[in-house]
Structure formats: structure tokens, C-alpha cells
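Structure record follows, encoded as C-alpha cells.
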Amino acid sequence: MIVCAGNNETFSFATPIGVGLIESTINLTRIALFDKPDFLIFIGSAGSYGEAKIFDIVESAIGANIELSFWEKNSYTPIDNVIEATRYKNNVSHETKNDVIVNSSNYITTNSQLSKNYLKHNIHLENMEFFALMRVAQEFDIPVLGIFVVTNYTDKDAHKDFLTNHSKAKELLTKYMHNRYQELKK
């Protein structure tokens, strides 16, 4: 099953599960309880902490939930905040970056200086839903993969650049999915 966030980030071949950590958790749990998929592929946009370039396509099966306050030593968490999900058997391509960690939060990073802390820990992208999706998939033992297109950097212009690049990014991700995962639509 191919899933996406929703709102303005929908695809004709993907099921929307909601925006952010909470909506995506609720809706994906509902799907897993009533019609558990054999595998999940999450597709969507992501912000880059600096190394991935605008319109890069990146695959990952590792997610994190690390808030900016953690880097400033203003918070801690008792939960496992970095998880690697069970993978779909033919998930990665040598043509894309893979095994990078994708961080999720209900907030978008706009501080490029704090973003550098993520890179120091091999966390390269930011997507609001991926960690929640991975945690639900882990709970229901569903192999999972995320495929992301970079729309912006995590800096003061993050929202403006996201809006500017979002349409083209969706087209590129759609083309990528149609070319590489044609068999998954069957």
C-alpha cells in the first residue's frame, strides 16, 4: 500500500493518512486494524538539513522524533526516538541516497544553525509524518519504506521555498514512482 500525508500533498495512486504525527498515527492505525497491508510505502516531501539538494529523491527506512529543544539541552525523552523499520524486500536503489534518518515533528525547522545538529547524527531530512508511520508499522509488523522528494532547506525560507517547489516536487515524485514502482500499483 502506498500512502501519503494528505491536504495539498496527495497523489492519485496513494492513500492519504493525514498531516503530522497525530493524524497519521490515528488513520494508519485504523487501516492496520481493519485492512492490514502487506507492506507500506510512504511518499512525500521533505526539508533538507543541508546535504540533500532541492528535488533530490531519497529513500529511507529509518526515522527519528528529535525536537530542536533536545539539541539545546532543554528536553529529554524516555521513548526510543530513532527506529529502523522492517523493510520491503526490494526497497532500495543504488541510484538514490538510502539509510539516512528522516526526522519527524509537528513543527518545521527554520533555524539553519540548529539544523547542523541533525546532520552530525546522520539525520538528513525532515518530514512531519514518517516517524509516526514507522512506529505504527513497527507495532503491526508491516515492512515499510519512505520515499521523499526534497522541497526546501530547513532555514528561514523553508515555508516560502516549500510553496515554490511543491508542485514540481510532486511531479518528480510521481514520475519516479511510476517508473520504479509500477508493479506496486497492481
Go through region 61-76 and count every residue that is in contact with an Asp or Glu (Cβ under 7 Å, 6 or more places away or on another chain) and either hydroxyl-bearing (Ser, Thr, Tyr) or assigned to a helix (DSSP H, G or I) (or both).
1
Which of the residues that make up region 98-114 are polar (S, T, N, Q) and in a helix (DSSP H, G or I)?
112, 113
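Inspect all residues belonging to region 153-160 and state whether any of them is part of a strand (DSSP E or B) and either of a type in the set (S, T, N, Q) or under 16 Å from residue 2 (Cα atoms) (or both).
To start, the set of residues in region 153-160 that are part of a strand (DSSP E or B) comprises 153.
Narrowing further to those that are either of a type in the set (S, T, N, Q) or under 16 Å from residue 2 (Cα atoms) (or both): none.
Within region 153-160, not a single residue is part of a strand (DSSP E or B) and either of a type in the set (S, T, N, Q) or under 16 Å from residue 2 (Cα atoms) (or both).
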Does region 13-46 hold any residues that are within 19 Å of residue 167 (Cα to Cα), in contact (Cβ under 8 Å) with a residue 40 or more places away in the chain, out of contact with any helix residue (DSSP H, G or I) (no Cβ under 6 Å at 6 or more places or on another chain) and not hydrophobic (A, V, I, L, M, F, W, C), and which are they?
44
Looking only at region 26-60, and only at residues there that are outside any strand (DSSP E or B) and aliphatic (A, V, I, L, M), the one that is farthest from residue 107 (Cα to Cα)
33
Among the residues of region 115-151, the number that are assigned to a loop (DSSP other than H, G, I, E, B) and β-branched (Val, Ile, Thr) is 1
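Filter region 49-82 for residues that are of a type in the set (S, T, N, Q) and exposed (fewer than 11 other Cβ atoms within 10 Å of the Cβ) and give the result.
First, pick out the residues of region 49-82 that are of a type in the set (S, T, N, Q): 60, 65, 69, 74-75, 77, 81.
Hits for region 49-82 are 74, 77.
Bear in mind these aren't lab numbers, they're just calculated from the coordinates by the rules spelled out. Here the structure is a predicted model, which is why all the values come from computation and not from measurement. Please note: Cβ atoms are built from the backbone with ideal geometry, for glycine as well, and neighbour counts cover all protein chains shown.
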